[in-house]
Amino acid sequence: MAERNLEQLEKIREVVSQDLLSGRIELLLGWEKGHYWWQSRPLFARSKDDLAKLTWDSFCAVNLSRYLLEELKDHQKVGVLVKGCDSRAFNRLLQDNMVERDRVVLYGLPCPGILDYKLLAAEAGPELKGIAEENGKIVLKTASGEVEVKRDQFLMAKCRECLYPDPVVYDQMLLEPQGKKEAPERFKAVDELETLTPEERFAYWEKELSRCLRCYACRQACPYCSCRECFVEQENPRWQGRAYQPSENFLFHLVRAYHGAGRCIDCGECQRACPVDIPLQELNRKLIKDINELYGDYEAGLDAELEPPLLTYRPDDPAAFSEK
Amino acid sequence: MPRTGVFICHCGTNIAGTVDIEKAVEASRNFPGVVHAADYRYLCSEMGQDLIKKAIVDNQLDRVVVGTCSPRMHEGTFRKAAAEAGLNPYLLEVANIREHCSWVHKDIEEATPKAISLLRAAAAKAVLNESLDAPELEVEKRALVIGGGIAGIQAAIDIAEAGYEVDVVEREPSIGGRMAQLEKTFPTLDCSACILTPKMVEAAQHPNVNLITYSEVEEVKGFVGQFDVKIRQKARSVDPVKCTGCGICYEKCPSKASSEFEMGLSKRKAIYIPFPQAVPNVPVIDRDACLYFTKGRCQICEKECPPQAIVYDQEDEIFERRYGTIIVATGFDQMNPSQYGEYGYGQHPDILTGLEFERLFNASGPTGGKVVRLSDGKPPEKVVFIQCVGSRDKARGMNYCSKICCMYTAKQAILLKEKVPDAKSYVFYIDVRTAGKGYEEFQRRAAEEYDVAYLRGQVGKIFPDGDHLVVHGVDSLSGKIIEIKADMVVLAAASIARADSPELGRIVGINSDSYHFFNEAHPKLKPVETHTAGVFIAGACQAPKDIPDTVAQASAAAVKAVGLLSKEFLKGEACTAEVNQAECSGCLYCEAVCPYSAISPVEIEERYQGGTLKRTVAEVNPALCQGCGSCTVICRSGSINLKGFSNEQILAEVDAICLQR
Amino acid sequence: MATSNKTRLVDEMKMQSGQDPNECYQCAKCSAACPVTAAMDLLPHQVIRYLQLGFEEDLAKSNTPWICASCFTCAARCPRDLDLARMMEGIRLVMLRRREGNKFGPADLTPEQLEKLPQQALVSGFRKYNK
Amino acid sequence: MSTALNDKTTGYEPLIVAFCCNWCSYAGGDLAGTSRMSYPANVRVIRVPCCGRMNPMFVLRAFQRGADGVLVAGCHPGDCHYSTGNYHGRRRLSAFKRLVEFAGFEPERFEVRWISSSEGDKFAEEMEQMTAKIKALGPNRKMRDARWQSVT
Amino acid sequence: MRYHYFPGCTLKGQAKNMESTTMAAAAALGIELVELEEWQCCGAVYPLYEDELITLLSPVRTLAAAKGEPLVSLCAACHHVLKRAQELMQRNEEARKKVTDYLEVDYAGEGRVLHFLEVLRDDLGFDKLAEMVKKPLEGRKVAAYYGCLLLRPSKVMQFDDPENPTIMEDLLKAIGADVVKSPYRTECCGAYLSVTEEAVAEDTVTRIIDSARNAGAEALITACPLCRYNLENCASEDGKEPIKVYYFSELLAEAMGLQFDQLMTSALERRRSSDGNK
């Protein structure tokens, strides 16, 4: 069993079941266990019975805020469990006028980081049956015995460089906050790519993007992709060609990333959702890094009141062109 | 598929010399949608235009491409011709094959294919062109002038003389503004009241001018041609119809308050007119000072008023009116120099600002026109003027030059010498700036004929010492430290924007610079226009300026306003943005980047699972939109598009231009 | 007289003080504010003018930077937001480093002065005139 | 095949698409013409109202369809006809330029210039320089749509 | 009210009585000043050039030693140096890193750095002080002399209005003296020029003293040992009635009713009791 802390789960369940019961919320967005022990999937709880399935473990990766887009059409008041990134995603939606603040109750869950099954399995081998957790350590349980490893090394890519594990917006904080984290390597991959020649960089992206199936799972997972009709599907004009060829893959990924310029909250859901492991976060982080560099530090999603950098300007802004 | 006609101009040899016209015509025939192609020596000539018109009719053309000079040159000509042939003018596209092709390339082998490519792009765009109509906006034939100083008065008289109704909203009980506070004006030394009062009376008596004093603008809605303005008329507590202006009320009133008009140097009554020549000559009760309002007793004015015009229970009145155009002329303030501790302003009665000193010359001023020290009533022997107090000071004041101080200081030094012949003036200056007709001569007279000592340098500190003010300064030209035992010090405090100008700017919808002076639309070519169509600015609310400049600007603004009012309808921009509300997700990023506040949220209802859902989307007001297209780029889903330069059209041009590959 | 704007003294002074003499428009308020101009051979604004024009040799001879008592009055009142105290310090420092010696030391004091002067005076005096 | 883009010696003539704002840069181009300046025919201008109208997708489309270089030209910052369009454009296109460079485009392939309506000489000069730089780089194959072939 | 206290060299030498009177008055006012252990000279002048960080080591070490808790000094020069060093540590990351790395301390500009006068005004309050005064200095005509270091640069020092300060006059009012205001009270006394250019100091000091005397003052107070030295030693008197110069703390102690021997005793007691605490 991968339950991190039953005590925590009970506390969460107690608060949200009370709110469901009292009618403060009509629906709770949480997580339940999926097919495998290493999967936790969204739970749409409307009753106390539903809440029996609630889980809070190291696999609750799915960003639940995005589900509000649909659920608020059917429910007047929705509760959502939010980790740090989910809360920033909520701010994204709020700033984009996609949700009304007073129709959502946010329950804050400071997040220790989500574990990556692929990494666990690589360490333990295919016989991995489950894990147990204690004090920053994980015990890998296999048929041939138990191995204790350090938790940090098995975090998902999206969590390794997370700056804000605590929810930044919430109505009720359910667990003890852990404070801002350091993320010294957040831009490491971007920095490294920047040192390459254009040819090398192009070769890198050509290879990475060649895998793209254009399934658009990245878009579906993304809290900044809230258009009613995405440019890729539009007929008039036909921005995005339908053919599976490198040119169109580049177009899609560059435009997808650009649409997040100054808006991406760096939750990494796009990359997590990608079935072919394209390092999408590197494109997003490139924009974050450049915009911070050019127009001052800005972390999207931290504060919905702060104007996104591409909605404003200063007369003495710097430019990235060879003529300033 | 539309039916496009392509017409290529030789422009004599201007185009034909470097572009193979025959080849271009042939190539054009193969563009998608082209059913007709022709060429002519001078398409812009009457014959050329007729050729196009005839072809439109004969071939039932519904799109036209002309390959000619720059659209900035003759687009209007050809659109008009197309319209005369019954086509919507916006169905015509221009390919610029002269300025952008034949004139910049020498080789016919290079210029011809480029011309063809430009024609192809124009034809590709034309296929997607739509009929557009510039919105027609009705014009309310009435102007609003905000501010009743010399700028507002001049603008109002000019508009009224042109035959249009104009309302002047003035915050104070009387019009007149800053100029009414001045004794004399440079460089002619004519008496300010003598030239201003007739203008005030003219404004008051003009049948087209309506003075709304003791009032403020609270809200402006709408747009050029139709501004809906809410005006608050503050309670005067005096019935202006009954009042005869006899003045008994303020003669008898027992309560006093500091006089704003006299810069606080003397008192006025609680019921008062700000100055003897006030227009309208109707007193107002200062309710904060009135004994009846503060303590519930007195009522002397009511008892004494012969026509019984006192109305204690009068209330503020708010009314709304529609105007076709607005002129903002709210003037300026003088900086309070007390933050310059080294000058000791506010701590010594003989240290004054320029405007305060000005009042000492005035016969109705605090000293009855005698220039004397406020400390002991004696005439001063030595007066030190300090320039640039708060101006040209990026550390503690304003970075700009206040423009009027050099001249009014010279004026005051001259007037001083005339009033107090034994007085000696010293002027500490950084530079003397006297650009203006007769200005330099005037300042030289002060130095040469009136014995004013100009000292190039600044004052470090003023040390009060007994009866005197020891001014410790420097003359940088001689390199000597100068110490003057002065009797009075006059500080040329900076002219600054009115403290509430950002608020007024927000109400009227015009922006201001970092000093809160209102911004003109173009620093050279649109000096009285603002970025909001139909709103003009005049006078010192735009930047510090003297009376001649102010009056000139006021008349300029009036001409702009009259030009607008003289139109039956205003033609708006045809190429405006429009929202596909079904696709719009309502993020309103477009609203944030629109420089014209032309985009606003609107709630729509949508069907959803048998019921309806309300949601917010963007909406464009085509009367305000100027067609910059900034909104279209911030919109990720392309739900807001620009007519005439749509996403489809630009992509089609790109595709067509690249087709030669 | 050197008239080049780019002398070493000016550059070093700029680097050390972070102040650009070209921002001065010579209103001379500094000189008017300075309490110790009586003993100066150049007024403070003249020092800045010399810096603007690159009159390095004349500056090297001037006593003004050494008379400056770092009272900060000039900087407090400068309308161009220049910190003249820093500029004077910059000049002193450049000169001291060039001289490779001290302008003033304990040997220059009488025993009576050493006895009577507060420690603060001695330390600050040495700090200003020594390197 | 079109002849203009075939250099007689190397066989390579680049295609440069220049998006010019109507009020400054397009007029600057007109002035270059009226002043009979000359610049390479490789440059093809598309008129847009303002550089704030420049959607980065237009640039990518040009690269897809075979452009070797793309230039956006607008009013000098502070001089925008629409007062703020080029300020917004500057931010948007700066971020975009860095992104396309990150994707492997050479910096010279996409540029932004401020050209006023009085700068005919600057217009001609910039077109000259852009063409020379792109020529030196050679044809752009990145993002080029293989299906988009010459029709004429 | 308990504060870390940084004395500085001069207060252990020429200006001993500034320390002893302050200590006694503070004790009477219920203010505890605890001397920092192993403090060093502040450097006396704040370095005005960019590249010599070494002179910052000492003040930053002192600041760090206060551990972010309020730090009080008496000497105007010490307070000036400490306050400006603190501001630099807050503002200049590069300098901060170099200095703190060298010192191996963790300091980023935190903590209140106060002059004792500010403690009296802001923490105790002059109204409260006035109530506690035992022997008001009635009829004593006293002028305040501020000098430079407490006031300027005002953006950093944030001590009082740099051109029209009131803190010392307010203190004089609180202890019952007749306040005399002299226009030269913020003009420089010549500082260390008295060491090298005595004539300059004579000029500045004479003006300050004449101005105070003309305004009717019998005595001056100051917060700076060097100002006091200059005022006492550099004026050209020309047979005029000399003006007495005090540290503000001397008059404060007097108004608190403390006699000289009492002062000595209380100073000794303080030392004993703080020894006892250890």
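The values are calculated or read from the model by the stated rules, or taken from the named source; none is laboratory data. Nothing here was measured: the structure is a model prediction, and the numbers come from that model. Counting neighbours? That spans all protein chains shown, and the Cβs are built from the backbone with ideal geometry, glycine included.
Taken over region B:17-51, the criterion of being in contact (Cβ under 8 Å) with a residue 40 or more places away in the chain, buried (at least 16 other Cβ atoms within 10 Å of the Cβ) and within 24 Å of residue D:38 (Cβ to Cβ) is satisfied by B:18, B:19, B:20, B:24, B:27. Condition first: touching a residue at least 60 places away in the same chain (Cβ under 8 Å) and either within 14 Å of chain C (Cβ to nearest Cβ) or not in a strand (DSSP E or B) (or both). Now tell me which residues in region B:492-520 satisfy that. Once the filter is applied, which keeps residues that are touching a residue at least 60 places away in the same chain (Cβ under 8 Å) and either within 14 Å of chain C (Cβ to nearest Cβ) or not in a strand (DSSP E or B) (or both), region B:492-520 yields B:492, B:493, B:494, B:498, B:499, B:501, B:504, B:507, B:508, B:509, B:510, B:515. From the list A:214, A:263, A:228, the one residue that fits, being under 23 Å from residue A:62 (Cα atoms), surrounded by fewer than 20 Cβ atoms within 10 Å (Cβ to Cβ) and in contact with a Phe, Trp or Tyr (Cβ under 9 Å, 6 or more places away or on another chain), is A:214. Here is a check on your reading of the model: is residue C:37 touching a residue at least 40 places away in the same chain (Cβ under 8 Å), among the β-branched types (Val, Ile, Thr) and facing another protein chain (nearest Cβ under 9 Å)? No. What do you reckon, is residue C:126 in a loop (DSSP other than H, G, I, E, B), at the interface with chain E (Cβ under 10 Å from one of its Cβ atoms) and more than 13 Å from the chain's Cα centre (by Cα)? No, not satisfied.
Criterion first (at the interface with chain D (Cβ under 8 Å from one of its Cβ atoms) and either at pLDDT 95 or above or over 30 Å from residue B:585 (Cβ atoms) (or both)) does residue A:243 satisfy it?
Numbers: at the interface with chain D (Cβ under 8 Å from one of its Cβ atoms): yes; either at pLDDT 95 or above or over 30 Å from residue B:585 (Cβ atoms) (or both): no.
When the stated conditions are applied, residue A:243 does not pass them.
Going through (1) farther than 22 Å from residue A:160 by Cα; (2) at pLDDT below 95 one by one, residue A:277 falls short only on (1).
Taken over region D:67-104, residues that are assigned to a helix (DSSP H, G or I), farther than 15 Å from residue A:288 by Cα and small (Gly, Ala, Ser) amount to 2. If the condition is being aliphatic (A, V, I, L, M), in contact with a strand residue (DSSP E or B) (Cβ under 7 Å, 6 or more places away or on another chain) and over 21 Å from residue A:76 (Cα atoms), then region A:17-56 contributes only A:54.
State which residue is nearest to residue B:240 (Cα to Cα) when the search covers only region B:285-317 and only residues that are in a helix (DSSP H, G or I) and touching a residue at least 40 places away in the same chain (Cβ under 8 Å). My answer is B:301. In the set B:99, B:75, only one residue is more than 10 Å from every other protein chain (Cβ to nearest Cβ) and of a type in the set (D, E, K, R); that residue is B:75. Of all the criteria given as (1) more than 8 Å from every other protein chain (Cβ to nearest Cβ); (2) touching a residue at least 24 places away in the same chain (Cβ under 8 Å); (3) under 29 Å from the mean Cα position of the chain (by Cα), the one not satisfied by residue B:617 is (3).
Only one of the listed residues (A:304, A:300) is assigned to a loop (DSSP other than H, G, I, E, B), touching a Lys or Arg at 6+ places or on another chain (Cβ under 6 Å) and touching a residue at least 12 places away in the same chain (Cβ under 8 Å). That residue is A:300.
Filtered by the rule that a residue be crowded, with 21+ Cβ neighbours inside 10 Å and either away from chain D (no Cβ under 12 Å) or out of contact with any helix residue (DSSP H, G or I) (no Cβ under 6 Å at 6 or more places or on another chain) (or both), region B:80-95 gives B:81, B:82, B:87, B:91, B:92. Tell me, yes or no, whether region A:56-76 has at least one residue that is of a type in the set (Lys, Arg) and touching a Pro at 6+ places or on another chain (Cβ under 8 Å). Yes, the conditions are met somewhere in region A:56-76.
Pairs linking a residue in region E:138-155 that is of a type in the set (S, T, N, Q) to a residue that is at pLDDT below 95 and in a loop (DSSP other than H, G, I, E, B), with Cβ atoms under 7 Å and 6 or more positions apart or on different chains, are E:154/E:162.
Residues considered: D:41, D:27. Of these, the only one that is over 13 Å from the mean Cα position of the chain (by Cα) and either within 7 Å of chain B (Cβ to nearest Cβ) or among the polar types (S, T, N, Q) (or both) is D:27. Restricting attention to region E:156-192, the residues that are without any contact (Cβ under 8 Å) to a residue 24 or more places away in the chain and touching a Cys at 6+ places or on another chain (Cβ under 9 Å) total 1. Comparison of D:38, D:94, D:25, D:83 shows that the only residue that is without any contact (Cβ under 8 Å) to a residue 60 or more places away in the chain, touching a helix residue (DSSP H, G or I) at 6+ places or on another chain (Cβ under 9 Å), of a type in the set (Gly, Ala, Ser) and over 30 Å from residue A:242 (Cβ atoms) is D:94. Residues in region C:60-100 that are free of Cβ contacts under 8 Å to residues at least 12 places away in the same chain and at positive phi: how many? Going through region C:60-100 one residue at a time, the tally reaches 1. For region A:33-140, the strands (runs of 3 or more DSSP E) that sit wholly inside it and include 1 or more residues that are out of contact with any Leu (no Cβ under 7 Å at 6 or more places or on another chain) are A:40-45, A:104-108, A:130-134. Residue count for region E:172-195 under the criterion of being more than 13 Å from chain B (Cβ to nearest Cβ) and either among the aromatic types (Phe, Trp, Tyr) or in contact with a Phe, Trp or Tyr (Cβ under 6 Å, 6 or more places away or on another chain) (or both): the result is 2. Residues considered: E:34, E:60. Of these, the only one that is over 22 Å from residue E:126 (Cβ atoms), touching a Ser or Thr at 6+ places or on another chain (Cβ under 8 Å), in a strand (DSSP E or B) and of a type in the set (A, V, I, L, M, F, W, C) is E:34.
Counting only residues that are within 12 Å of another protein chain (Cβ to nearest Cβ), more than 24 Å from residue E:186 (Cβ to Cβ) and either at pLDDT 95 or above or buried (at least 23 other Cβ atoms within 10 Å of the Cβ) (or both), region E:67-95 holds 0 of them. The residue list C:47, C:10, C:36 contains one member that is crowded, with 17+ Cβ neighbours inside 10 Å, of a type in the set (A, V, I, L, M, F, W, C) and modelled with pLDDT under 90, which is C:10. Filtering region B:627-642 to residues that are in a loop (DSSP other than H, G, I, E, B) and buried (at least 22 other Cβ atoms within 10 Å of the Cβ) leaves B:627, B:628, B:629, B:635, B:636, B:638, B:639.
Taking the stated definitions as given, is residue B:435 small (Gly, Ala, Ser), surrounded by fewer than 19 Cβ atoms within 10 Å (Cβ to Cβ) and not in a strand (DSSP E or B)?
yes
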